[in-house]
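The values are calculated or read from the model by the stated rules, or taken from the named source; none is laboratory data. Everything numeric here is computed off the predicted structure, so don't read it as measured data. For neighbour counting, all protein chains shown are included, and Cβ atoms are generated from backbone atoms with ideal geometry for every residue, glycine included. The area values use the complete protein model at the heavy-atom level, side chains included, leaving out ligands, DNA and RNA. Shrake-Rupley method; radii C 1.70, N 1.55, O 1.52, S 1.80 Å.
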Amino acid sequence: MSLLDKLDAVAAARKALLPEGLEVFGTPIEEVYSATEARIGDRRILFLGTNNYLGLTFAPECLRAAHEAIDREGTGTTGSRMANGSYSGHRALEREFAEFYHCQSGIVFTTGYQANLAMISGLAGAGDVVLIDGDSHASVYDGCRLSGAEIIRFRHNDVSDMEKRLKRLGERSKSTLIIAEGIYSMLGDQAPLAEIVRVKNAYNSILLLDEAHSLGVLGKTGQGLAEETGLTDGVDFITGTFSKSLGSIGGYCVSNHPQLDQLRYVSRPYIFTASPSPATIASTRAALKLLRDGTELRRQLWQNSRQLYARLDGLGYRLGPQPGPVIANILDSPQQALMLWKGLLDHGIYVNLILPPAAPEGKALVRCSVSAAHTSEQMDHVGNIFAELRKSIFQ
Amino acid sequence: MSTDYNNILSRLCFHLKQLSSPDVVIVPETDLINELAIDSVKLLSLVMEIEDEFDISVPLNVLADVQTVHELANLIYQIKSQNK
Ligand SMILES: Cc1ncc(COP(=O)(O)O)c(C=O)c1O
């Protein structure tokens, strides 16, 4: 098959699955009104699939900081940190992340995806092993591939399965990087961190925890699952993203290992890409302060999350195992998921549709992401629509 | 090849039978993706079962090169003999 024929085959498969004229993936958004509302076509919709957990995308402090940074330093850095230097904002944000986590050092990356690519490929290489949860995000899988290390998966959140694999490695467990996520992006459940840390210590491995979805969501000051469980010292490297709770774009890693800094010289996804723009850095710095002091935002977020989870659970929808801001409805077929997704959109609610092979174990998901900026009335309304759609979906 | 290999092959065929339609005949040359319609997600869960059964870990990297039933059986055989 030629290169282009392969793409035609992909297009044909997608066309067979999806109804004509429905833009399911990359739906055009015409106008954005707030952290939770926008216009699709001529319809006002509620965002219930973005990862805007704390609703900070329109926070006045962040907008102001971004405006000022553009005026002061321009629209872009037009180059990498390595070749074109580190602006004061990049350096300050790295210090602020390190302080926030009470860690020795921090590095900022251009996206969260690149943070994982950079960290995994910087830490592990040919001859090493990466031991990853089966439900890991694509950035983890891609980082592993880029590293050239041997990639071994364990069953999702199953620490005895993980330990079995470490045991099989023998001495090689010492050159093994274990990777888990604070909150898993697909089903919204949390990693059994205490168990993972215990096992990784017993086998002298290194642990990287991706707090992409748990930053701002878990822990007293919003650091994530490590803070929530009091295990920050047991995790070697914490990565995360600016693109969810911090409402911008970029990624980070913090650690107490002094070697973290060396990644700046060896990690290709850090070296060979332009650094984050001044506006991005400035709004992220403002958002990080709001996140740290965001006890009230977290309370509202969790109240909304529990409310919607309990309602959908009560309606008989099959959900991920644990309540949280990522609420995944697990459906038996892509057709069913598509019907639910379309039904919600027809009622002005825009959520994520995840079809195989992107969904775990070949399932189809309709995934809601709750925000602190949602109101209790909006969660009620969403619950009512799910109740109404139930009959037609499961008939 | 050794009986070990044959044993692995027959256990593998047993697992594959469960995943494919009853009228398909599975031989060593059978193509996992094109003939048995085993997609990447199914293949990964099949591999987990096999890993348990043979007490091995199959790295994802090498799995990418596997196309036929024989290649998968041989891969398991190789990993198993390395561990001895
Ligand atoms: C678990 C996880 N890690 C990393 C990322 C990548 O983050 P970003 O969107 O900032 O590239 C995501 C987001 O999609 C994610 O869900």
- Message: Suppose the filter is over 13 Å from the mean Cα position of the chain (by Cα) and open to solvent by less than 40 Å² (accessible area, probe 1.4 Å); does residue A:255 pass it?
- Response: yes
- Message: Going residue by residue through region A:317-324, is there one that turns out to be aliphatic (A, V, I, L, M) and without any contact (Cβ under 8 Å) to a residue 12 or more places away in the chain?
- Response: yes
- Query: Has region A:326-334 got at least one residue that is farther than 22 Å from residue A:219 by Cα and either surrounded by fewer than 18 Cβ atoms within 10 Å (Cβ to Cβ) or in contact with a His (Cβ under 6 Å, 6 or more places away or on another chain) (or both)?
  - Reply: yes
- Message: Just to be sure before I move on: is residue A:207 out of contact with any Gly (no Cβ under 6 Å at 6 or more places or on another chain), open to solvent by less than 10 Å² (accessible area, probe 1.4 Å) and away from the ligand (no atom under 15 Å from the Cβ) in the structure I sent?
- Response: yes
- Message: surrounded by fewer than 19 Cβ atoms within 10 Å (Cβ to Cβ) and of a type in the set (A, V, I, L, M, F, W, C): is that true of residue A:138 in this structure?
- Response: yes
- Message: Can you tell me how many residues within region B:1-38 are within 14 Å of chain A (Cβ to nearest Cβ) and open to solvent by 80 Å² or more (accessible area, probe 1.4 Å)?
- Response: 2
- residue A:81 passes all but one of (1) open to solvent by 80 Å² or more (accessible area, probe 1.4 Å); (2) charged (D, E, K, R); (3) closer than 22 Å to residue A:241 by Cβ; which number fails? (1)
- From the option list A:139, A:160, single residue qualifying as more than 16 Å from the ligand (Cβ to nearest atom), assigned by TED's automatic domain parsing to the domain that holds residue A:198 and assigned to a helix (DSSP H, G or I) is A:160
- Message: For the list (1) within 16 Å of the ligand (Cβ to nearest atom); (2) surrounded by 15 or more Cβ atoms within 10 Å (Cβ to Cβ), I need the number of the one condition that residue A:274 fails.
- Response: (2)
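Okay, residues lined up against (1) under 16 Å from residue A:246 (Cβ atoms); (2) open to solvent by 20 Å² or more (accessible area, probe 1.4 Å):
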{"site": "A:102", "(1), (2)": "no, yes"}
{"site": "A:106", "(1), (2)": "yes, no"}
{"site": "A:109", "(1), (2)": "yes, no"}
{"site": "A:122", "(1), (2)": "no, yes"}
{"site": "A:131", "(1), (2)": "no, no"}
{"site": "A:146", "(1), (2)": "no, yes"}
- Query: Out of all the residues in region A:132-147, is one or more within 8 Å of another protein chain (Cβ to nearest Cβ), under 11 Å from residue A:178 (Cβ atoms) and of a type in the set (A, V, I, L, M)?
  - Reply: no
- If you go through region A:127-134 one residue at a time, do you hit one that is assigned to a helix (DSSP H, G or I) and either out of contact with any His (no Cβ under 8 Å at 6 or more places or on another chain) or of a type in the set (Gly, Ala, Ser) (or both)? no
- Item | Residue tally, condition more than 16 Å from the ligand (Cβ to nearest atom) and among the acidic types (Asp, Glu), over region A:166-204 | 2
